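Chemist: Right, I'll just put the structure down here and ask away after.
Nothing in this text is a laboratory measurement; each read-out follows from the coordinates by a stated rule. Predicted, not measured: the structure shown is a model, and the values here were computed from it. Backbone-built Cβ (ideal geometry, glycine too); neighbour counts: all protein chains shown.
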Amino acid sequence: MNSEVLVGIIGLGGAAIGAAAAFLGIVYQQRAQTKQAIQERLTALSEGAVDVLITELQVLQGHAWKRPEAESAERPEWLQEMSEILGRINLASLHLTDGDLRDALEAACLFGFGHESYLQEHVGLRAGRLLMMAMCVEMQKSLGCYLRREPAPKARLLDQAREAKREVLATPLRDA
């Protein structure tokens with residue numbers, strides 16, 4: 001074989017390897033950019049949801065102070081408004097990328113942020129307004145830490161709500 005032919009074959013092989021490497025580099029780069037774009041979108045959705053949640057928790061705190069007594073005529077209206085606030089909190093929490101925050105919010109909403117007597121007994125605090133306020137503050141602090149990318153603070157009441165939720169979900173359903 002001529003040296004020119006050999007050089008030509010080696011050159012052609014080098015060009016093919018270079019083209020394949022360039023193609024694979026482009027494919028890798030596109031996949032990495034797609035992953036990054038998806039992550040950025042999820043982060044933006046999550047941060048937007050945190051803003052909504054912090055605001056709704058502030059609304060819930062104000063609502064807690066208006067809590068009427070059990071026998072009051074205003075009670076059904078108050079419960080309806082509370083249900084709407086909790087619904088907005090639940091919907092916004094679906095956008096959170098942090099599973100622990102979602103779980104804490106779900107547990108807190110399940111027990112009306114301390115409104116339900118089951119959680120009041122579980123926590124050992126019967127003052128519903130105070131418990132609601134304290135749970136809202138704990139959740140707001142946790143959400144703030146999430147936004148600032150700081151470690152989550154110790155949230156005793158939210159942890160107890162999660163524990164109560166696990167107990168409730170572990171209880172077998174009874175046939176009616």
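Chemist: Tell me the mean residue ellipticity at 222 nm calculated for the chain from its helices only (DSSP H runs of n ≥ 4, each -39500 (n - 2.57), averaged over every residue, nearest 500).
Modeler: -27500 deg cm²/dmol
Chemist: Quick one: which of 37-43, 105-111, 55-61 comes out on top by average Cβ neighbours within 10 Å, and what's the full order, highest first?
Modeler: By packing density, highest mean first, the sequence is 105-111, 55-61, 37-43.
Chemist: For region 23-40, what does the Karplus curve 6.51 cos²θ - 1.76 cosθ + 1.60, with θ = phi - 60°, yield as ³J(HN,Hα) per residue in whole Hz, taken in order and with x for Gly and Pro?
Modeler: 4, 5, x, 5, 4, 4, 4, 5, 5, 5, 5, 5, 4, 5, 5, 5, 4, 5
Chemist: Under the Kirkwood approximation for Rh and a Cα-based Rg, what ratio Rg/Rh is obtained for the chain?
Modeler: 1.39
Chemist: Test of understanding: what is the full-extension gain from residue 51 to residue 106, defined as 0.36 nm times their sequence separation minus their Cα-Cα distance?
Modeler: Extending this stretch completely gives an extra 18.1 nm.
Chemist: I've got another one for you. If R0 is 41 Å, what FRET efficiency do you get for residue 6 and residue 43 from their C-beta distance, rounded to 0.05?
Modeler: For R0 = 41 Å, the calculated efficiency reads 0.15.
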